[in-house]
Structures are given as C-alpha cells and as structure tokens.
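All remarks here apply to the structure that follows.
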C-alpha cells in the first residue's frame with residue numbers, strides 16, 4: 001500500500017475569515033425571481049485545480065499525493081437569490097421561479113437543471129430527485145421528507161451537489177425499512193436515506209437528521225465533504241459512506257450505526273478511499289467499526305468520541321463484523337485533535353504504518369489499544385491506553401515468563417553450592433509465597449483480580465432495531481456462525497497496549513498504558529529516544545523481537561512480568577528506566593531462536609526491582625557507563641564481567657536500608673528496600689570495585705525522600721556485604737528456594753515494588 005501522509009495547514013482558520021453571506025447567484029431562468037437583488041460573482045468550476053481554490057484545506061501536500069480542499073462553493077451557505085423556491089407538501093407542492101427546471105409528479109419532485117434551489121415544507125410519502133449534468137445547490141430551510149421507496153433525497157446529477165442548511169433550520173430525511181438498492185436514471189442507487197452519485201458537500205448553520213431505516217444513512221459515490229452544520233445520522237447498517245473520501249472541515253456529526261459509523265470504500269485506487277478529519281466534532285456509536293477507510297485515516301484536529309460495541313453481524317454470511325474504533329487498510333496518521341475511543345476489539349488498527357504526532361488519544365479496548373501491521377511511530381501527543389481483554393493461550397506471544405527468565409537456559413553447569421537453609425525471608429504484610437517461576441505453577445497467566453471485562457459493552461438502545469441482530473441465539477444459522485466467528489477471534493486475540501508489526505520508534509510525546517497483555521510490543525526493532533512511558537501491565541512492559549535501543553526518554557513500569565525484553569540485542573545509552581515491580585526479570589535478552597542476545601549499557605539511569613533476575617542476558621552483557629541499581633529476590637541475578645558492584649548474598653529484609661558507599665565513606669545511593677532482597681547490582685562503569693562497599697541496615701544521616709531514596713551523607717553501623725566487581729560467574733549465586741527448580745512451595749515473589757528512587761541529578765543523560 002502506497003504510504004500517503006498529508007502535510008497540513010489548518011484550513012478552517014482560512015475558512016473562518018471567508019464569510020459567504022449573501023453568495024450571489026446568476027439567475028438565467030425564465031421564471032419569476034424571488035425579488036432579491038442579484039449580484040454577479042465568479043465561482044470555481046468543478047474542474048479547476050485545488051491550487052486555485054479559495055479557502056483550501058491543505059497548504060502543502062507531499063509530492064504526488066493529494067487530499068481534498070474546500071472552495072468558495074463549499075464554504076458558501078447563504079444566498080441572495082434562488083433559481084426556484086420549492087415548498088413541499090403532500091399532493092400540493094408549489095414551485096416559484098424557474099418552473100422549467102422543476103417538475104412535480106406523484107409527490108416526486110425532480111430538479112433537472114443546474115442552479116440554486118430553496119426547499120422548505122414536508123413530504124410524508126415523497127422524494128426529491130436531482131438529475132442532469134450540472135452543479136446543483138440545495139438550500140434546506142425546514143425540510144422534512146419521508147420516502148416510501150428509495151432515498152428521500154437522490155442526487156444523480158453528473159456534477160456535485162451542495163446542501164446548505166439554513167440558519168436555525170431543522171431538516172430531516174428518512175427512508176423506508178423496505179427500501180432496497182435500485183436503478184434511477186441509469187445510476188445504481190444504494191438503499192439509504194440520502195444518496196449522491198457525484199461529489200456532495202454539506203454546509204450551513206442549521207441541522208440535518210438522516211435516518212437510514214433500510215440499510216445506510218448517507219451514501220456518496222465520490223468525495224463527501226462535511227464543512228459545517230449539525231448532522232445526525234441513524235442507520236441500520238453504515239452511517240456515513242463516501243466512496244472516494246469523507247472529509248470533515250468543521251461539522252458537528254453524530255452517528256449511530258448498526259454496522260460501521262463513517263467509512264470510505266474505494267479500494268482500487270490508493271489515492272482515494274481515505275478519511276480526512278481536519279476540524280469539527282464527531283460522536284460515533286457503531287456496532288462495527290467507528291471509522292473505517294481503505295487507504296488512509298488522517299486526523300489533524302477536532303474532537304471525536306468513538307464507541308464500538310462489536311455487535312454487528314454480516315447479514316449475508318452471519319459472521320461477526322469488525323468492531324474497532326479506527327480501522328484502516330492502509331496508513332493512519334494522527335497529527336492533532338482529541339480522540340476518545342471505546343472499542344470491543346482494537347482501538348486503532350491499520351495494515352500499513354501508523355504515526356502519532358500530536359493531539360490527545362484516549363483508548364479503552366478489549367483487544368489491542370493501538371495496532372499497526374507496519375511501522376509505528378510516536379513523536380508527540382498524549383496517549384492513554386487501557387486494554388481489558390483476556391489473553392488467550394494461542395496468542396500470548398511468549399507473554400508469560402518461562403522458567404529461565406524468558407530466554408534459553410545458560411549453558412554449562414549450574415552454580416555449585418547448596419541452597420540457603422531455613423525458611424524464606426519474611427515478606428511484607430499481605431504478601432504470599434509461591435506462584436513464581438521458581439516453584440509453584442510458574443507458567444500460570446496473571447490473575448485478573450478485577451475481573452476485567454470488555455469495557456465497550458454497548459447500550460442496545462443506541463442502535464436502531466433493524467441493526468440489532470443477536471449472536472447469542474445459536475439456534476439460527478446466522479447466530480451459530482457469528483458465535484463461532486467470535487470464538488475464533490477471541491482465541492487469536494491479543495490485548496496489547498501498543499502493538500507494532502514492523503519497527504517501533506518512540507521519540508516524543510507521552511504514553512500511559514494499563515494493559516492485560518504486553519504494554520508495548522514490536523515484531524521488529526524498537527527504539528525509544530524521547531517518549532515518556534507510564535506502564536502498568538499484567539504481562540510484559542516493553543518487548544521486541546528485534547533489537548531494542550533506549551537512548552532517552554522516561555520509562556516507568558509500575559508492574560509487569562518482565563520489564564524490558566528483547567529477543568535480540570538490547571542497548572541502553574541514555575534516558576531514565578524505572579522497573580518498579582517485575583514478577584520475573586527486569587531487563588532480559590534471549591529467545592528461542594539462535595542469535596545474539598547481547599546487552600550493552602553505556603549510559604542512562606536504570607532502577608530494577610525484580611522477583612526474578614534483575615538483569616538477565618542469554619549472551620554477554622557489558623556496562624561501561626550510566627547508573628544501574630538492580631534488586632532481585634530470587635538469587636538469579638546475572639552481571640557483566642566488569643562495570644558493576646555485585647552482592648549475591650545481600651539478604652536484606654523488607655524495609656531495610658541498602659547503601660552503596662565509596663572509599664571515603666560517602667553514600668552514593670541508599671534505598672529502603674521495598675522487599676526481601678538477595679542480590680544487588682550497582683553500576684560503577686569503569687571505576688575500581690575495590691573503592692565501593694554495600695552496606696545493609698545501619699543508620700543513615702542523610703535525607704531520605706518520600707521514595708525511600710537518598711544520596712550523600714554517611715551510614716553508621718549496619719552490615720557490610722561481601723561484594724565483587726563482576727569477575728565471577730555470570731550467575732549471581734545459588735537461587736533462593738533450592739536452585740533453579742524452586743522449592744516445592746515456591747520461592748517468594750517479593751511483593752509489590754513500591755515507589756522507585758528518584759533519578760540522581762547527575763545521571764539524567766539522554767533524557
């Protein structure tokens with residue numbers, strides 16, 4: 001799929017300056033004039049280029065790519081004169097003006113010539129039909145049309161139609177539930193309430209309510225532009241459809257749809273089939289996808305509330321339809337605006353690339369929050385994601401820790417020596433033993449104590465009755481098929497926060513993620529250089545199948561199984577990484593395939609509180625700079641050959657101080673241990689390990705912040721723990737609980753990690 005990213009300038013700033021009050025019309029009719037004066041004006045022909053347009057929506061478009069723009073006609077919503085004024089009334093419709101251009105037969109009003117027409121009045125069983133080869137402007141001023149067959153308003157003219165909603169007016173278009181696809185004037189007219197064969201623009205300061213009782217609400221077979229006005233659409237199936245595109249420039253749109261809310265359907269031309277949301281607002285309640293496009297979803301500004309219930313069923317196959325917030329067969333670009341998404345499946349999903357550049361995005365989803373099959377980039381904006389789904393065994397993507405901390409077991413003999421005798425260390429009040437990967441059922445998925453359910457359950461009253469097709473009744477063929485489809489989908493579903501099928505790049509903005517599956521996952525490489533991440537996960541915090549690099553940004557992982565994992569190589573050269581509570585490993589490299597799992601730390605600040613390995617590299621790992629403070633309660637810590645101060649027999653109790661002291665007696669770092677700790681690693685870079693000691697307990701005379709962390713000062717008393725500079729075995733001693741298999745009752749999990757230490761002021765490199 002060709003990548004299409006629009007460069008933008010806020011068109012509505014221009015549109016706001018262009019007032020079309022009293023847009024003049026040329027009246028060449030032979031009928032009676034309305035009496036208003038007529039001034040001459042020049043308007044753009046439909047074939048004129050976008051560069052010539054007044055109030056164009058895009059000031060710059062990348063080479064070879066084009067969106068849609070607004071011109072004078074799109075922006076004009078008030079008129080001084082009309083070619084004809086049509087007053088609708090059952091069996092008594094009146095026409096004033098050019099009577100040759102308007103015909104009335106059996107409550108079907110046909111407009112056959114180009115021009116501007118004012119419509120008012122009511123038809124309870126009628127239709128307005130626009131034909132011919134010219135551009136037509138319809139000024140709706142209190143119109144109510146209900147059609148017994150076919151759409152209430154049908155535009156088959158060969159050039160575009162502009163619907164202007166008169167100030168303060170209320171207009172309604174409704175079709176019958178018995179309406180079906182038909183042919184009118186050689187055009188295949190869809191079953192809907194409002195149909196346009198060519199381009200359609202809706203503008204004005206009035207309101208329009210469209211009720212698609214049969215199938216769809218608004219169907220346009222070309223470009224659909226929603227410039228302004230209040231537009232409400234209720235539809236049994238799809239709400240708003242623009243084949244080539246749907247573009248919003250300032251309208252207030254409310255859609256309730258049994259299937260998809262707003263969609264663009266052209267799939268044979270990758271320059272079409274897109275949604276272009278520049279400004280305005282949209283509230284969408286859909287049984288299927290809220291926003292759907294074939295090639296591109298581009299959001300520059302505006303406010304959007306998207307709710308998908310996931311209740312839509314394909315009427316032909318009986319299978320469950322997609323139930324996503326945003327669903328695109330190409331690329332998604334969010335460059336501004338405010339989005340609130342509540343989805344039964346993915347919040348945002350695309351088969352191409354996805355870019356988050358600016359704006360606010362709040363997603364609650366039963367499956368993935370934001371998912372792209374291709375590359376995914378976060379360069380700005382504020383993203384909040386909550387996923388609520390249960391992760392099926394077939395879709396866990398190595399999401400549960402294995403018995404060796406997520407990678408292959410180390411080669412060679414196991415560490416010699418006996419396991420520590422006696423009972424496991426006491427745990428803080430409320431904490432329990434067992435359940436870890438070194439005893440007990442270590443491969444049991446995390447228990448969702450809050451019984452997370454799909455937060456996107458729908459209000460049935462929000463969906464038209466014609467759209468409410470239940471899948472619960474398996475006695476019907478359609479119900480059984482739909483139920484089976486949803487079961488299969490559930491078996492394969494993931495519930496990750498951010499999921500990337502290509503390369504993941506995070507260079508700015510912020511992401512707050514609470515997920516039942518991985519919080520951040522990339523199938524390819526992952527690079528974090530500037531994004532602020534706040535993560536709470538029932539599974540892994542950040543994972544990649546390719547190389548993972550952290551060079552900047554602030555990453556806080558409040559709880560997880562494994563904190564940061566790469567199935568290839570990991571490099572940390574800057575930034576701040578806090579892993580507050582990892583039930584398994586803190587940092588991990590390794591995988592089931594052969595390859596390099598090297599870990600390299602050259603800078604940054606890293607704090608790890610892990611129940612498993614604080615650091616686990618299934619290859620070599622080197623540290624030559626930065627600050628690393630890693631705690632482990634399982635006795636399985638791994639460490640480099642140099643660059644760290646190691647204590648493998650710390651045995652600090654929960655609440656006890658652990659202090660790193662230099663040769664002058666100055667405390668470099670002290671931490672009130674959040675749990676019982678067996679192993680400690682403190683990164684010292686190229687310094688001589690002989691110049692440092694590790695002290696547990698004692699009295700610290702410095703200042704402890706609310707996190708239980710301090711720097712400077714000195715410590716008196718306490719127990720000096722035997723430490724080395726990383727010249728021994730890669731394994732940090734005999735595992736607690738009786739070696740790698742674990743004691744029968746399991747090793748202690750260590751409890752909650754508590755609050756992390758603050759980053760030292762001198763170690764904020766790369767942030």
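Read-outs throughout are calculated quantities, based only on the coordinates presented, and are distinct from any laboratory measurement. All values derive from a computational prediction rather than experimental measurement. Note: ideal-geometry Cβ built from the backbone for every residue, glycine included; neighbour counts use all protein chains shown.
Under the simplified labelling scheme, the residue 688-residue 317 pair shows an inter-label distance of 7.2 nm, with each label point 7 Å from Cα along Cα→Cβ. Give the shape of region 578-678 as rounded, prolate or oblate, defined through the alpha-carbon gyration tensor: a ≥ b ≥ c are the square roots of its eigenvalues, a/c under 1.5 means rounded, and otherwise the shape is prolate if a/b is larger than b/c and oblate if not. In terms of gyration-tensor shape, oblate.
Here's the picture: a label point sits 7 Å out from the Cα of residue 268 along the beta-carbon direction, and within region 199-215 the residues with their amide nitrogen under 18 Å of it are 199. Using the average count of surrounding beta-carbon atoms within 10 Å as a protection proxy, the listed peptides 129-140, 88-99 rank, highest first, as 129-140, 88-99. Listed peptides 256-262, 106-112, 116-122 appear in the order 256-262, 116-122, 106-112 once ranked by packing, highest mean of other Cβ atoms within 10 Å at the front. What's the FRET efficiency of residue 112 with residue 87 using the Cβ-Cβ distance as r and R₀ = 22 Å, to the nearest 0.05? Step by step, r from the Cβ atoms, then E = 0.75.
At q = 0.14, 0.20, 0.29, 0.30 Å⁻¹, what log₁₀ I(q)/I(0) does a Debye calculation on the Cα points of region 513-556 give, no solvent, two decimals? Log10 I(q)/I(0), no solvent term: -0.30, -0.61, -1.07, -1.10. Note on residue 205/residue 382: beta-carbon distance plugged into 1/(1 + (r/R0)^6) with R0 of 35 Å gives a FRET efficiency of 0.60. What is the Cα centroid distance between region 669-718 and region 101-170, reported in whole angstrom? Measuring centre to centre over Cα atoms gives 79 Å.
By the count of other C-beta atoms within 10 Å, a proxy for reagent exposure, 510, 659, 308 are ordered fewest to most as 510, 659, 308.
Residue separation times 0.36 nm, minus the C-alpha to C-alpha distance between residue 182 and residue 510: what's the value? This chain segment gains 113.0 nm when fully extended.
Listed from fewest to most Cβ neighbours within 10 Å, the set 387, 561, 571 follows the order 571, 561, 387. With a ≥ b ≥ c the root eigenvalues of the C-alpha gyration tensor of region 580-626, is it rounded (a/c under 1.5), prolate (a/b larger than b/c) or oblate? It comes out oblate by the Cα gyration axes. Oblate is the label for region 649-714. Its Cα gyration tensor axes, ordered a ≥ b ≥ c, give a/c of at least 1.5 and b/c at or above a/b. Sorted ascending by nearby beta carbons within 10 Å, beginning with the fewest, 700, 607 become 700, 607. Relative to the current alpha-carbon distance between residue 662 and residue 642, full extension at 0.36 nm per residue lengthens the span by 5.5 nm.
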